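Visitor: Sharing a structure, written as structure tokens. Questions coming.
The values are calculated or read from the model by the stated rules, or taken from the named source; none is laboratory data. Here the structure is a predicted model, which means the values were calculated and not measured. Cβ: placed from backbone, ideal geometry, glycine included. Neighbour counts: every protein chain shown. Just the protein is used for accessible areas: all its heavy atoms, side chains included, with ligands, DNA and RNA removed. Shrake-Rupley method; radii C 1.70, N 1.55, O 1.52, S 1.80 Å.
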Amino acid sequence: MKAARWHGAKDIRVEEVPEPEPQKGQVKIKVAWAGICGSDLHEYLAGPIFIPIEAEHPLSHDKAPIIMGHEYCGEVVSLGEGVEGFSVGDRVAIEPIYRCEECPGSCDGKYNLCEKLGFMGLSGGVAGFSSYSVVPANMVHRMPDSLSIEQGALVEPAAVALHAIRQSSIQAGDKAAVFGAGPIGLLVIEALRIAGASEIYVVEPSETRRQKALELGAKEAFDPTAVDPVERIQSHTKGGAHVAFEVTGVPSVLPQAINSTKVAGQTLVVSIWETEASFHPNTVVIQEREIKGTLAYRNIYPAVMSLMEQGHFSAEKLVTKRIGLDDIVSEGFETLVAEKSQIKILVEAP
């Protein structure tokens, strides 16, 4: 079968690989759609970040070159020994987290904080940029009949956004700032609306993405190359946002997010970073602000799909391009690098 494999930075190749078969406890999926994630783009431009190079990942038992693609969905085509609760033909979304079930985080139910954490498509495995995928049964979630199969490719990024809101201190009626209106930032805006944020201010250099942010419920969207975003947010909120969400991974943005919050406000860092970022600690200490991180998601896929059934996190609003696997580099990764107007690009499995 065909699969897109990461060999190194700026080196993703569509190659022929053996079609997998499910082993004990595994499910085989005919992939339908897979999204290109910001994490995938980081690996393409500056990897390896998560991708194991020298040694195999302890849970996937895989290392580069690896098949990429962790935002995906498809149809069950066969079940390995011992798998129950699924049937051939089920439409499913994949929750691509490898967890050990033994470390303190996993045993405490916080499996996204597993000491050996890995992601299908980043840490190894037969992942979503392929014709077929094989995954452990605990990664599989049946989709409601009312959802289009395309929506299944957005469950994973929407889960990141909804988990971020749950990890934040946002309360109904609060004011929020979102730095970055890429796919996750836009999904955070939707999740903030669901949570009852009264005002949402967005900082984003792309005009297309600023307009999309307004369509999704932002009160105002600022171009940081034209105005001082901290001054604007402080002025419009009369003292600062209750919570700022950093969703860019750009070092200079982190202090802006912190300084946009009110006294005792919170900055939630959602991004995965390629480099270090710095800020003056006094901006946190003197106003008793809080900085908190959030990683991926846990125990949230059913809630995401329920919200999708109510019309939230719509693929129609967020998907800007659909491509075939053969074009994943030129029309996918390179397009995302060159065109900041793109939001979510989906790859159709061959």
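Visitor: I'm checking my understanding of the structure. Among residues of the stretch 36-74 that are in a strand (DSSP E or B) and out of contact with any helix residue (DSSP H, G or I) (no Cβ under 8 Å at 6 or more places or on another chain), which one is nearest to residue 327 (Cα to Cα)?
Guide: Per the criteria, the residue is 67.
Visitor: Taking the stretch 309-335 as the search range and keeping residues that are open to solvent by less than 20 Å² (accessible area, probe 1.4 Å) and assigned to a strand (DSSP E or B), which one is nearest to residue 191 (Cα to Cα)?
Guide: Once the filter is applied, the top-ranked residue is 319.
Visitor: If I filter the stretch 248-277 down to residues being in a loop (DSSP other than H, G, I, E, B) and aliphatic (A, V, I, L, M), which single residue comes out as modelled with the lowest pLDDT?
Guide: Start the filter on the stretch 248-277 by keeping residues that are in a loop (DSSP other than H, G, I, E, B), which leaves 248-252, 260, 270-277.
Applying the additional criterion that residues be aliphatic (A, V, I, L, M) yields 250, 270, 272, 277.
Values: 250: 95, 270: 97, 272: 87, 277: 95.
Taking the candidates together, the pick is 272.
Visitor: For residue 156, all conditions in the list (1) touching a Phe, Trp or Tyr at 6+ places or on another chain (Cβ under 7 Å); (2) surrounded by 24 or more Cβ atoms within 10 Å (Cβ to Cβ) hold save one; what is the number of the exception?
Guide: Here residue 156 meets the rest and fails (1).
Visitor: Right, another one. Quick one: would you say residue 256 is on the phi < 0 side of the Ramachandran plot and open to solvent by 70 Å² or more (accessible area, probe 1.4 Å)? Walk me through it before giving the result.
Guide: Values: on the phi < 0 side of the Ramachandran plot: yes; open to solvent by 70 Å² or more (accessible area, probe 1.4 Å): no.
Considered against the rule, which asks whether it is on the phi < 0 side of the Ramachandran plot and open to solvent by 70 Å² or more (accessible area, probe 1.4 Å), residue 256 comes out as no.
Visitor: Right, next: I'd like the residue in the stretch 141-153 that is part of a loop (DSSP other than H, G, I, E, B) and not acidic (Asp, Glu) and, out of all such residues, is most open to solvent (accessible area, probe 1.4 Å).
Guide: 146
Visitor: Let me ask something additional. Do any residues in the stretch 300-311 that are at pLDDT 95 or above have Cβ atoms under 8 Å from those of residues that are acidic (Asp, Glu), where the two are at least six apart or on different chains, and which pairs are they?
Guide: Cβ pairs passing all conditions: 301/95.
Visitor: Next up: Among the residues of the stretch 336-344, is any within 28 Å of residue 105 (Cα to Cα), surrounded by fewer than 16 Cβ atoms within 10 Å (Cβ to Cβ) and among the charged types (D, E, K, R)?
Guide: Within the stretch 336-344, none of the residues are within 28 Å of residue 105 (Cα to Cα), surrounded by fewer than 16 Cβ atoms within 10 Å (Cβ to Cβ) and among the charged types (D, E, K, R).
Visitor: For the stretch 121-140, indicate whether the set of residues that are open to solvent by 20 Å² or more (accessible area, probe 1.4 Å), part of a strand (DSSP E or B), modelled with pLDDT of 95 or more and of a type in the set (Val, Ile, Thr) is non-empty. Don't jump to the end; show me each part of the working.
Guide: Quick first cut of the stretch 121-140, residues open to solvent by 20 Å² or more (accessible area, probe 1.4 Å) only: 126, 132, 136-138.
Retained after the next criterion (residues that are part of a strand (DSSP E or B)): 126, 132, 136.
Applying the additional criterion that residues be modelled with pLDDT of 95 or more yields 126, 132, 136.
Now narrow it down to the ones that are of a type in the set (Val, Ile, Thr): 126.
Checked against the condition, which is being open to solvent by 20 Å² or more (accessible area, probe 1.4 Å), part of a strand (DSSP E or B), modelled with pLDDT of 95 or more and of a type in the set (Val, Ile, Thr), the stretch 121-140 yields at least one hit.
Visitor: To continue, here is another question. When the residues of the stretch 219-241 are filtered to those that are without any contact (Cβ under 8 Å) to a residue 24 or more places away in the chain and part of a strand (DSSP E or B), which remaining residue is least open to solvent (accessible area, probe 1.4 Å)?
Guide: Across the stretch 219-241, the extreme among qualifying residues is 222.
Visitor: I need the full set of residues from the stretch 260-279 which are among the aliphatic types (A, V, I, L, M) and open to solvent by 60 Å² or more (accessible area, probe 1.4 Å), in order please.
Guide: Correct list: 263, 264.
Visitor: Could I ask something else about it? If I go through the stretch 172-191 residue by residue, how many of them are open to solvent by 10 Å² or more (accessible area, probe 1.4 Å) and of a type in the set (A, V, I, L, M)?
Guide: 2
Visitor: Still on this structure, I have one more. Identify, please: which residue in the stretch 13-35 is touching a Phe, Trp or Tyr at 6+ places or on another chain (Cβ under 7 Å) and not in a strand (DSSP E or B) and is, among those, most open to solvent (accessible area, probe 1.4 Å)?
Guide: Selected residue: 19.
Visitor: Would you call residue 244 assigned to a loop (DSSP other than H, G, I, E, B), at pLDDT 95 or above and buried (at least 18 other Cβ atoms within 10 Å of the Cβ)?
Guide: Considered against the rule, which asks whether it is assigned to a loop (DSSP other than H, G, I, E, B), at pLDDT 95 or above and buried (at least 18 other Cβ atoms within 10 Å of the Cβ), residue 244 comes out as no.
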